[in-house]
Each structure stands twice: as structure tokens, then as C-alpha cells.
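Read-outs throughout are calculated quantities, based only on the coordinates presented, and are distinct from any laboratory measurement. The shown structure was predicted, so the numbers you read here are calculated from the model rather than taken from an experiment. Quick reminder, even Gly has a Cβ in these numbers, built from the backbone with ideal geometry, and neighbours come from all protein chains shown.
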Amino acid sequence: MDNKRLYTPSTIQEILNRHGFTMTKALGQNFLIDGNTVRGIVQGSGVTKEDRVLEIGPGIGTLTEELALEAKSVLAVEKDQRLKPILEETLADYDNVEILFGDALKLDLKKEWEDRFGQDPVHIVANLPYYVTTPILGALFDLDLPLKSLTVMVQKEVAERMCGQEGTKDYGALSLFIRYHSDPEIIRQVPNSVFIPRPKVDSAVVHMLVKDSDPGIPKEKFFRIVKAAFSKRRKTILNALSSYGFSLTKAEIREILEKSNIDSIRRGETLSLTEFLVLAINFPHEF
Ligand code: SAM
């Protein structure tokens, strides 16, 4: 642990000034300046020397460095090429880190990972750029790699929706998407004072342990039904599903709900993941 450089606001500012780097809001560049938060994220991720980590958005390498110390290796994907000279400097001491420059939403991350590490399990740890949180989460769960866990810092409201329980205001399509794939938990609340520049919103760290097997219902079918159920939150599940434009009559949908043991006057937001899965099983292939 001796070679560890603890980042402080002044060392980070000094690095940024020396390289003449200015943060770009459009890239969600809010950099961590608090060692406790950085360590908390890595400890909360549970990664060990056995684990390989994929990081999205290393920035100037603050979280990357902590990961390099605690994990077997880190592959970090950064969109902003201007960070290259900074990352070369801040991560110079670590031979278990590789930075891949490119857009995490455009690169073939499955190929990049498999070319390097074959079928080694993937642990994702990231302070995500907030403007693309949900597309990035969607892409990561769709990677078709042996994904084991994700530990991500996101906007607090998004964290609450990701972990939302049925019957609460936070529950919706995002909660079901996350729970379809994993067991999520908010492991840390993070005030905006630990970033430069300070974002307007507070943040939270969500740890997701990926389920061993997915529920076995075609994802697309499942999420079409979820989307329809939440399209009209104030309506009953029967009315929401029958006014969505599926090629099924109201009577047919009522029958599917009955078969699924779901009272047709309930609202979509009261249905659990299991109930949505049963509903999806009972929907026909084409609808
Ligand atoms: N990990 C650093 C930290 O915690 O201080 C920086 C986190 S900052 C919130 C998000 C980072 O993601 C920035 O470095 C930004 O340039 C990068 N980024 C933004 N969009 C990206 C994308 N589509 N693909 C990869 N990196 C991206």
C-alpha cells in the first residue's frame, strides 16, 4: 500500500492545471476528490486480487488507481482522448491497468474483453457519466459476458429508482430491468461535495450482484409488457395493457391476467418481478 497516492483536492487541481485540462460538462466530468469515497466504492464492490475489473470513465484515474491496488487487473474505457497524458502520468506505476480510449456505447466491449481475458468473470466498477447512466447500464447487462457484479456511482434519484420496491414511487421499468438481472442494493450515499466540479445533485453507490441465471423469459417480451404496464401509472393493469396497442382484445388480456392470478384492477406499480414474469409467460408469442 506504500506506493498509493492519496488524491486530495489540491493534488488533483495541480495535475489538471499542469496539463491545462478543463472538465467538459457534456461528458459528465465530475471527478472524485475524496479518498474515503474512492475506498468505500472499491471496498463495497467486494473485488479481490482474483478479480478483473472493467471500469467505465476513469477520468484522471482516481478510482482506477484504487482498483489497480485491490484487483487483479483493470480495463478502463474512456471517451475523452484529452485525458491520455494525465492517465499516463497518474497510472504510470501500475502494470495491471489498461486504458482503452473510445465510447463505451460504441466499442465492442465483448470482443475487447474476450481478446484479453477470454471467459474470465467481469466485475464492473465505475463512477458513471450521469448523462448516459441508463444506456450504459443497459449495454453492460447486454454484453453477453460472464458478468458477476456491478458497483456504480449514479445520481441519487436514479439509485433509488434502480433499487425501487413495488408499491413505492421509485418503482418502475428501471427497477424491474435491474432486478431482472441482479439483486441491487444502495451501499453508500455520496454528497456532492466530494466532486470537482460539484454536480447539482447528490449521488449514491449501487452494488448489483448478478443473478446466476436470467429468468428464462425472452427479455424483449418481458420488457414490452413492463413498458405497457407503466405507460399509464394511474390506470389499472387491465386498462394500461389494453390501451397500449397490443393486438389483443381487452377480454383476452383479462383472461391472461386471471390465468396469472393478478387482479385486473391492480395498478402496474404494485406488481412484483415474479408477477410480471408470470404475466409474460402467459402472454402469447405474438401480441
Ligand atoms: N472515474 C473518475 C472519477 O471518479 O473521478 C471520473 C468519473 S466522471 C463522473 C465520468 C467519466 O466518464 C469522465 O472521465 C468522462 O470523460 C467519461 N465518459 C463520458 N462518457 C463516456 C462514454 N460514453 N464512454 C466512456 N467514457 C465516458
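Brief remarks follow.
- Counting only Cβ charges, +1 for Lys and Arg and -1 for Asp and Glu, the dipole size of region 219-282 around its Cα centre is about 300 debye.
- When you filter the GluC sites (Glu not before Pro) in region 204-287 for DSSP loop state and at most 12 other Cβ atoms inside 10 Å of their Cβ, you are left with 286.
- Using a cut-off of 27 Å between Cα atoms, the listed pairs 84/106; 156/227; 49/106; 49/110; 79/227 include 49/106; 79/227 as exceeding that distance.
- Stokes-Einstein diffusion coefficient of region 142-282, Kirkwood radius over Cα pairs, 4 °C, 1.567 mPa s, in µm²/s: 79 µm²/s
- Working from label points 7 Å from Cα in the Cα-to-Cβ sense, the residue 214 to residue 254 distance is 3.5 nm.
- Neighbour-limited loop hits for trypsin sites (Lys or Arg not before Pro), region 1-80 (at most 10 other Cβ within 10 Å; DSSP other than H, G, I, E, B): 49
- Amide H to amide H, with H built 1.01 Å from N, residue 51 comes under 5 Å of 72, counting only residues 5 or more places away or on other chains.
- Among the trypsin sites (Lys or Arg not before Pro) in region 212-287, those placed in a DSSP loop whose Cβ has at most 11 other Cβ atoms within 10 Å are 234.
- Cα shape, region 50-111, gyration tensor, a/c 1.5 rule: oblate
- Take every pair of alpha-carbon atoms less than 8 Å apart whose residues are at least six positions apart; their mean separation over the length of region 9-210 yields a relative contact order of 21 percent.
- Across all directions, the average projected area of the convex hull around the alpha carbons of region 219-282 is 3.7 nm².
- Nearest 10 degrees, 0 to 90: helix 35-45 Cα axis against the chain principal axis: 50 degrees
- Taking amide H atoms as placed 1.01 Å from N in the peptide plane, the amide H of residue 100 lies under 5 Å from those of 76, 77, 78, each 5 or more residues away in sequence or on another chain.
- Across region 69-85, rounded Karplus estimates of 3J(HN,Hα) from the backbone phi angles (6.51 cos²θ - 1.76 cosθ + 1.60, θ = phi - 60°) give 6, 9, 10, 6, 7, 10, 10, 10, 10, 10, 7, 8, 4, 4, 7, 3, x Hz, Gly and Pro being marked x.
- With Cα atoms, 0 to 90° folded angle of helix 219-231 axis to the chain main axis: 80 degrees
- Value of [θ]222 nm, deg cm²/dmol, for the chain, DSSP H segments ≥ 4, -39500 (n - 2.57) each, nearest 500: -11000 deg cm²/dmol
- Within-12-Å neighbourhood charge of residue 48 [Cβ basis; K, R +1; D, E -1]: +1
- Where labels lie 7 Å past Cα in the beta-carbon direction, separation of residue 8 and residue 107 in nm: 3.3 nm
- Debye log10 I(q)/I(0) for the chain, one point scatterer per Cα, at q = 0.07, 0.14 Å⁻¹: -0.31, -0.98
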